[in-house]
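Nothing in this text is a laboratory measurement; each read-out follows from the coordinates by a stated rule. Source: prediction; values computed, not measured. Note that each Cβ is placed from the backbone with ideal geometry, even for glycine, and that neighbours are counted across all protein chains shown.
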Amino acid sequence: MTGLIGRKVGMMQFYNAEGNVIPVTVVETGPCVVVQKKQAATDGYTALQVGFGSKKARRVNKAAQGHMAKAGKGAFEVLREFRLDDVSPYEVGQEIKVADLFKVGDRIDVSGISKGHGYSGVIKRWSFGGFPGSHGTHEYFRHGGSIGNRSYPGRVRKGKKMAGHWGNEQISTQNLQVVDIRAEENLLFVRGAVPGAKRGVVILRPARKK
């Protein structure tokens with residue numbers, strides 16, 4: 001298996017064996033259930049479709065209900081695919097738990113949707129310094145200033161830092177260390193912060209850049 005679906009519970013302090021305090025993020029990791037097996041012969045690639053979280057069946061359309069019913073675990077809140085070279089060891093309806101994939105000391109990558117801050121100005125979004133508060137500045141304190149040149153290039157360059165929508169986008173935090181695993185509670189303790197707000201859905205994968 002190449003990853004798991006989880007839910008961010010929140011942050012707390014964790015005491016290691018030496019008595020040092022470590023900031024950790026608690027992630028609820030399932031268990032995840034295999035909903036579908038993608039085969040190269042029929043789908044063109046091999047992967048596992050995994051479900052996480054429960055959802056009322058009446059809030060899912062009939063097509064999705066029939067699709068999820070094959071796993072025999074009810075309706076799922078989230079469905080994600082994970083590419084695998086060989087899916088034969090897994091069966092539809094099988095539960096995949098955190099201890100099956102990770103162990104204490106592993107390095108993982110965590111992906112999620114970052115917190116949204118709405119439409120923000122350049123000072124809040126990009127930490128611009130703004131304009132002087134006196135010396136002739138008149139009604140122009142929190143602006144971004146000039147955004148381009150004259151005849152050349154004659155346009156605003158791509159990637160110019162300006163006001164706009166801040167956050168609410170998928171980002172990944174790499175090389176986070178697994179501090180503790182509580183398999184009976186399906187909890188994973190990760191050192192540091194992970195993207196997103198509390199109860200946000202995150203994807204856990206083994207680190208690609210160890």
Query raised in the report: Under the condition of being part of a loop (DSSP other than H, G, I, E, B) and touching a Pro at 6+ places or on another chain (Cβ under 6 Å), which residue from segment 93-134 is nearest to GLY200 (Cα to Cα)?
Result: SER114
Report task. Could you pull out the residue among THR42, THR137 that is part of a helix (DSSP H, G or I) and hydroxyl-bearing (Ser, Thr, Tyr)? Result -> THR42
Query raised in the report: Taking the condition in contact (Cβ under 8 Å) with a residue 12 or more places away in the chain and in contact with a Phe, Trp or Tyr (Cβ under 9 Å, 6 or more places away or on another chain), does VAL9 pass?
Result: no
Query raised in the report: Of all the residues that make up segment 31-59, how many are surrounded by 15 or more Cβ atoms within 10 Å (Cβ to Cβ), more than 22 Å from GLU184 (Cβ to Cβ) and in contact with a helix residue (DSSP H, G or I) (Cβ under 7 Å, 6 or more places away or on another chain)?
Result: 2
Requested in this report: State which residue is surrounded by the most Cβ atoms within 10 Å (Cβ to Cβ) when the search covers only segment 75-92 and only residues that are hydrophobic (A, V, I, L, M, F, W, C) and in a strand (DSSP E or B).
Outcome: PHE76
Query raised in the report: Taking segment 167-196 as the region of interest, how many residues are under 10 Å from the mean Cα position of the chain (by Cα), outside any strand (DSSP E or B) and either surrounded by fewer than 13 Cβ atoms within 10 Å (Cβ to Cβ) or small (Gly, Ala, Ser) (or both)?
Result: 2
